[in-house]
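Enquirer: I'd like to ask some things about the structure below.
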Amino acid sequence: MPPASTPPPGAPAEIAPLRAEVLTWFAANARDLPWRAPDRTAWGVLVSEVMLQQTPVVRVLPVWTAWMARWPAPSDLAAASTADVLRAWDRLGYPRRALRLQECARAVVDRHGGAVPRAESALLELPGVGAYTAAAVVAFAHGGRSVVLDTNVRRVLARALGGVALPAPSQTAAEVRRAAAAVPAGEREAAAWAAASMELGALVCTARSPRCDACPIAARCAWRAAGYPPDAHAARRRTQAWTGTDRQARGRIMALLRDAARPVPPTGIDAVWPERDQLRRSLAGLVADGLVEELRGAAGPSGYRLPVSPAR
DNA sequence: AAATCGGGGCG
DNA sequence: CGCCCAGATTT
């Protein structure tokens, strides 16, 4: 096992100048995001990463700001009412992330004394933290070396190194190896590369209409050199259905309960969705997920509300 | 490996 | 109206 300062084996020789161009570009073009500010905390970075899982930056910004003002430390979120947490999550989507974030706060308090761990292995043990988020926290919260491979970096590497329009629908082992080989040896440089390569994907090397005229590595881009061949996986990508799905029904119910000041009776739930069987299935799913609390009366459910107390 | 899980904004 | 967004978890 080589020390962390040893360059990864198999790094192509052309990666170094490419990285240098991206890092220079980043120094002049990085967005001024609050979770990157000098006064950021490791917990604030972790919170931002969870919120940013499948949710665009512009929608996370106001929620993150209010969230961190209200619950600045893991211990604050751990002690909060889950109903308050779900309301503050608002419409970021995938509200189970909010539950896991609160569970994560408790785990940080219980296992790590309230300090976000530095070890990637410890981060991976936290609820709601997967490979990407663990690597991101290592790099962005602690300035450490990790392989940060999100949708942006995947696309940048697929184009610049792979010569294809878009990466495969799901991440491949070869992709991870290529990304690992591109990470600089030093901790500081690796963290900077993670931020810079992500930012390039977010601002220039975008999925829709890449701004190749503004790209610092256009001259080194394999996709450009190949004449911008179209996406080979295009036919196999299918958009996730939304209208009429359980997910939409769940969203309706959550929106109703977020706005309700008191428990909503079953008839109130019925009013938000036309098909009763689907509604009941969706509601049962929310209860099973811990996102909704069912109040029992003498003759069945009497009402529904967001969980008041932490479900410990 | 595939399915599930929100919601909104933009071309 | 399709597509995409700093993915994780479960099956």
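The values are calculated or read from the model by the stated rules, or taken from the named source; none is laboratory data. In this text the structure is predicted, and so the values were computed from the model without any measurement. We place every Cβ from the backbone using ideal geometry, glycine too, and count neighbours over all the protein chains shown. Just so you know, the surface numbers come from the protein's heavy atoms only, side chains and all, with ligands and any DNA or RNA stripped out. Shrake-Rupley method; radii C 1.70, N 1.55, O 1.52, S 1.80 Å.
Enquirer: Report every pair of residues separated by at least 6 positions or lying on different chains whose Cβ atoms are under 6 Å apart, first residue within segment A:93-111 and free of Cβ contacts under 8 Å to residues at least 60 places away in the same chain, second within 10 Å of DNA strand C (Cβ to nearest atom) and part of a helix (DSSP H, G or I).
Expert: Final answer for the pair search is A:97/A:50; A:101/A:50.
Enquirer: In segment A:19-39, what residues are assigned to a loop (DSSP other than H, G, I, E, B) and either within 18 Å of the chain's Cα centre (by Cα) or on the phi > 0 side of the Ramachandran plot (or both)?
Expert: If the condition is that a residue be assigned to a loop (DSSP other than H, G, I, E, B) and either within 18 Å of the chain's Cα centre (by Cα) or on the phi > 0 side of the Ramachandran plot (or both), then A:31, A:33 are the ones that fit.
Enquirer: So, one more: Being within 15 Å of DNA strand C (Cβ to nearest atom), among the aliphatic types (A, V, I, L, M), outside the structural domain of residue A:95 (by TED's automatic domain parsing) and loosely packed, with under 10 Cβ neighbours inside 10 Å narrows it down to one of A:234, A:299, so name that one. Steps first, please.
Expert: Values: A:299 fails: within 15 Å of DNA strand C (Cβ to nearest atom).
After applying the criteria, what remains is A:234.
Enquirer: Still on this structure, please answer the following. Which ones in segment A:57-75 are open to solvent by 20 Å² or more (accessible area, probe 1.4 Å), closer than 24 Å to residue A:112 by Cβ, touching a residue at least 12 places away in the same chain (Cβ under 8 Å) and part of a helix (DSSP H, G or I)?
Expert: Residues satisfying the conditions are A:64, A:68, A:70, A:75.
Enquirer: Just a yes or no: is a residue in segment A:137-152 assigned to a loop (DSSP other than H, G, I, E, B), within 16 Å of DNA strand B (Cβ to nearest atom) and open to solvent by 10 Å² or more (accessible area, probe 1.4 Å)?
Expert: Within segment A:137-152 (the criterion being assigned to a loop (DSSP other than H, G, I, E, B), within 16 Å of DNA strand B (Cβ to nearest atom) and open to solvent by 10 Å² or more (accessible area, probe 1.4 Å)), the answer is yes, since at least one residue qualifies.
Enquirer: Name the helices (runs of 4 or more DSSP H) wholly inside segment A:173-290 in which the number of residues that are of a type in the set (D, E, K, R) and more than 30 Å from residue A:24 (Cβ to Cβ) is 1 or more.
Expert: A:246-259, A:266-270, A:276-289
Enquirer: Name the single residue, out of those in segment A:40-56 being open to solvent by 30 Å² or more (accessible area, probe 1.4 Å) and within 14 Å of DNA strand C (Cβ to nearest atom), that is farthest from the chain's Cα centre (by Cα). So that I can check it myself, show each step before the final result.
Expert: Narrowing segment A:40-56 to residues open to solvent by 30 Å² or more (accessible area, probe 1.4 Å): A:40-41, A:52-54, A:56.
Narrowing the set further to residues that are within 14 Å of DNA strand C (Cβ to nearest atom) leaves A:40, A:52-54, A:56.
Details: A:40: 18, A:52: 4, A:53: 2, A:54: 5, A:56: 9 Å.
Only one residue fits best here, namely A:40.
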